[in-house]
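Below is one structure, written out as structure tokens, with a few remarks after it.
The values are calculated or read from the model by the stated rules, or taken from the named source; none is laboratory data. Fair warning: this is a prediction, and the values are worked out from it, not measured in the lab. FYI the Cβ positions are ideal-geometry reconstructions off the backbone, even for glycines, and counts take in every protein chain you see.
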There are 2 protein chains.
Amino acid sequence: MAHSVARSARRADARQNAEKIVRAAIACLGRSPEASINDIAQEAGVGRVTLYGHFPSREALVEAALVRLLAEGDEVLEAIDLTGDPRDGLRALMESGWLLIAQAASVLQAAQAVLPPGRVQELHAKPEQRVHDLVCQGQAEGVFRADIPADLLTSVLHHILHGAAADVATGRLDTTDAPRFVAEMALAVCAVPTAKHHHAAKPR
Amino acid sequence: MAHSVARSARRADARQNAEKIVRAAIACLGRSPEASINDIAQEAGVGRVTLYGHFPSREALVEAALVRLLAEGDEVLEAIDLTGDPRDGLRALMESGWLLIAQAASVLQAAQAVLPPGRVQELHAKPEQRVHDLVCQGQAEGVFRADIPADLLTSVLHHILHGAAADVATGRLDTTDAPRFVAEMALAVCAVPTAKHHHAAKPR
């Protein structure tokens, strides 16, 4: 009995340590994408041995930090009401998505540097699916263009979001304007072409 | 006299070798972004020593291959008539730009893997400037939206192009449709919002 109490206390400690380490990784990598295992262990107040007991490599820790940020981001996106006009939904998703990406930019950069190609994209499957579903719904309701596949529109929205985050990082884009601009461009890409625009687009 | 003839013949040989090596690098890296120095030397029909005499490292050679493709691509873009409606010009630039990027995709991937961050972007300064100038011209003529800075529109066009190239690489986008879709989305991003669209975009 005393044995099992001690074991369960040890387990709770371990969980707390793992949690402290992930939070420290998010903080350190958020300040610098090159933050080292030592920086993170120090921030978490644990030794390297304890840290390696939870995360066998820097890659594993970087991935855990990104997975956590994506899960928290997904809760924010989950709370957005997407039952009305898909255009309103898309605007809200893009604005929130942009903020989340801007906050996660440094961790994302760290992940892109160490995770295998395609892995970061894979981890985005859930938010990506959310946008994809909304695009399909908008196409079905006739408020988004259906002459371009939903897959491609979704992918371009992804590139607009991440491109804008990169532009903020390089100082090309101001953080204040970014969410509105990003949403405007997303809506422009998805809008059903008007006769006027269509004419302008096909003069050859 | 005989001396200087011999020297100039040696120089011509050296130029020919350098040229053969760059062409071989484009061919090998075009087949696989991981192509090695040995693969490239073999394709060029020169020894490793000769190759290293011209290019001190694999990075230098990858960069030379990309610089060459960009210079050739720029000649293609240079030939496009941009004096008419900026919308026609943008469509033509995007369609050609897309083809050039699709052809260079594997070399670009090799470059992104070994060159310092930002270097690939730097090398794109010339085509980027071409698009930027056209966007400014369209804004001045009132056919492109001026409520979003030309810098940001240009950057989004860049992300649409490169994103589409990545989507073709992963099989998400078909090569046949890509140029038209890319041009359509670029025109949509730059178009002056119509009253209808604008209303849809600002319902909050």
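Table for the structure above
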| read-out | value |
| --- | --- |
| Any hit, the stretch B:39-57, residues being in the same structural domain as B:ASP13 (by TED's automatic domain parsing) and among the basic types (Lys, Arg) | yes |
| Any hit, the stretch A:122-140, residues being of a type in the set (Gly, Ala, Ser) and surrounded by 19 or more Cβ atoms within 10 Å (Cβ to Cβ) | yes |
| Test: residue in the stretch B:66-77 that is at pLDDT below 95 and either loosely packed, with under 11 Cβ neighbours inside 10 Å or among the aromatic types (Phe, Trp, Tyr) (or both) | yes |
| Candidates A:ALA164, A:ALA195 - the one that is surrounded by 21 or more Cβ atoms within 10 Å (Cβ to Cβ), more than 7 Å from chain B (Cβ to nearest Cβ), at pLDDT below 90 and closer than 27 Å to B:GLU141 by Cα | A:ALA164 |
| Hits in the stretch B:85-98 - residues which are more than 9 Å from every other protein chain (Cβ to nearest Cβ) and over 20 Å from the mean Cα position of the chain (by Cα) | B:PRO86 |
| Any hit, the stretch B:177-188, residues being out of contact with any Asp or Glu (no Cβ under 6 Å at 6 or more places or on another chain), within 13 Å of chain A (Cβ to nearest Cβ) and within 30 Å of A:GLU34 (Cα to Cα) | no |
| Checking B:ARG145 against (1) crowded, with 21+ Cβ neighbours inside 10 Å; (2) more than 30 Å from B:PRO33 (Cβ to Cβ), the condition it does not meet | (1) |
| For B:LYS126: the one exception among (1) within 13 Å of another protein chain (Cβ to nearest Cβ); (2) of a type in the set (D, E, K, R); (3) part of a helix (DSSP H, G or I); (4) closer than 20 Å to A:GLY163 by Cα | (1) |
| Condition check for A:GLY118: of a type outside the set (A, V, I, L, M), within 27 Å of B:GLY118 (Cβ to Cβ) and either in contact with a His (Cβ under 9 Å, 6 or more places away or on another chain) or more than 13 Å from chain B (Cβ to nearest Cβ) (or both) | no |
| Matching entry among B:ALA12, B:ALA6, B:ALA27 (being surrounded by fewer than 17 Cβ atoms within 10 Å (Cβ to Cβ), assigned to a helix (DSSP H, G or I) and at pLDDT 95 or above) | B:ALA27 |
